[in-house]
1. Scan the stretch 229-279 for residues that are of a type in the set (S, T, N, Q) and farther than 19 Å from ARG36 by Cβ and jot them down.
2. Look through the stretch 93-144, keep the residues that are among the charged types (D, E, K, R) and touching a strand residue (DSSP E or B) at 6+ places or on another chain (Cβ under 7 Å), and return whichever of them is farthest from VAL213 (Cα to Cα).
3. Can you tell me which residue in the stretch 195-213 is least open to solvent (accessible area, probe 1.4 Å), limited to those that are within 26 Å of GLY24 (Cα to Cα) and of a type in the set (S, T, N, Q)?
4. Could you please let me know if LEU264 is crowded, with 17+ Cβ neighbours inside 10 Å and of a type outside the set (D, E, K, R)?
5. Hey, could you check the stretch 126-158 for residues that are at pLDDT 90 or above and under 18 Å from VAL52 (Cα atoms) and say which is surrounded by the most Cβ atoms within 10 Å (Cβ to Cβ)?
6. Could we say that ILE62 is touching a Leu at 6+ places or on another chain (Cβ under 7 Å) and among the hydrophobic types (A, V, I, L, M, F, W, C) here?
7. Which one of these is polar (S, T, N, Q), more than 21 Å from LEU105 (Cβ to Cβ) and either open to solvent by 30 Å² or more (accessible area, probe 1.4 Å) or in contact with a helix residue (DSSP H, G or I) (Cβ under 7 Å, 6 or more places away or on another chain) (or both): THR173, THR219?
8. Any residue at all in the stretch 183-190 that is open to solvent by 10 Å² or more (accessible area, probe 1.4 Å) and of a type in the set (S, T, N, Q)?
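The values are calculated or read from the model by the stated rules, or taken from the named source; none is laboratory data. Note that the structure is predicted; figures quoted are calculated from it, not measured. FYI the Cβ positions are ideal-geometry reconstructions off the backbone, even for glycines, and counts take in every protein chain you see. Quick note on the areas: whole protein, heavy atoms, side chains included, nothing else; ligands and nucleic acids left out. Shrake-Rupley method; radii C 1.70, N 1.55, O 1.52, S 1.80 Å.
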Amino acid sequence: MTGYREENKLIMDKNAPIGVFDSGVGGLTVAREIMRQIPNERIVYFGDTARVPYGSKSKDNIIKFSRQIIRFLQTENVKAIVIACNTASALALDEMQQEFDLPILGVVKPGAKVAVETTANKRIGLIGTEANIRSGVYTRYIKSLDDEAKVFEKACPLFVPLVEEGWLHDDITLQVASRYLEELKDTLIMGCTHYPLIRSTIRKVMGDKVNLVNPAYETAIELKNLLERDNLANKCDVDSPSSMYRFYVSDAEEKFKLFANSILPFDITMTKQINIENY
């Protein structure tokens, strides 16, 4: 396939859902923002909980995982896909956009764009997984928008397991954040979808004057604009969450459901485990 073509928007079903995927639970922050900003849209979410975290995986494996997940989401007849994972957005987005014939968005460019637009002194901090930082994709995109911007990168590998343990406001999380963030004191991109869940802890360390950029929110806004531009927005009335949203995982469905119910605006009723290796 050669990627999403303009003419295909004419044959897509406006009522079809948005596919959202992540390595685990972090992408729920993106799904939550889509629910808030585009409440009429249905969502099919996949969390690759059997293979989390992606941050320490190779590019080849992340591309393979992304391909399998998109193939699965296509069986759910989605009209667009959001890669709600910074690592997969950094390493697999371009290739997935070329391979699959539907609109696919990542979370890197929306956050980077807002950081460039809002920084007061062109000094932009970036925190993310090891793979995301190693890829350099954020820095390259920021530099393409403003070659005078200075980007200060910091891998924060302990944040993801702390979030997935549910230690969102724990003293240990505060101590780890203080160690990671002591040198980052300006605009800061939270370059992993898990990180908005510890936003208050990051804010406590960084102070009120630092501009925290949440790519989850910015991605939801970009998705909204894409759907309206391509005449794909769902104009139907909102139904109950049980009919609007479906959740799939590759492992540990009960643990996923418990975590999801702690951060989403409603209790999810449907979570199904699938064998993603079949796709």
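1. Scanning the stretch 229-279 gives ASN231, SER250, THR269, THR271, GLN273, ASN275, ASN278.
2. Here the answer is GLU130.
3. Restricting to residues being within 26 Å of GLY24 (Cα to Cα) and of a type in the set (S, T, N, Q), the top hit is THR201.
4. Working: crowded, with 17+ Cβ neighbours inside 10 Å: yes; of a type outside the set (D, E, K, R): yes.
Against the criterion (crowded, with 17+ Cβ neighbours inside 10 Å and of a type outside the set (D, E, K, R)), LEU264 qualifies.
5. Looking at the filtered set, the residue picked out is CYS156.
6. So ILE62 fits the description; yes.
7. Just a single option satisfies the conditions, and that option is THR173.
8. Scanning the stretch 183-190 turns up no residue that is open to solvent by 10 Å² or more (accessible area, probe 1.4 Å) and of a type in the set (S, T, N, Q).
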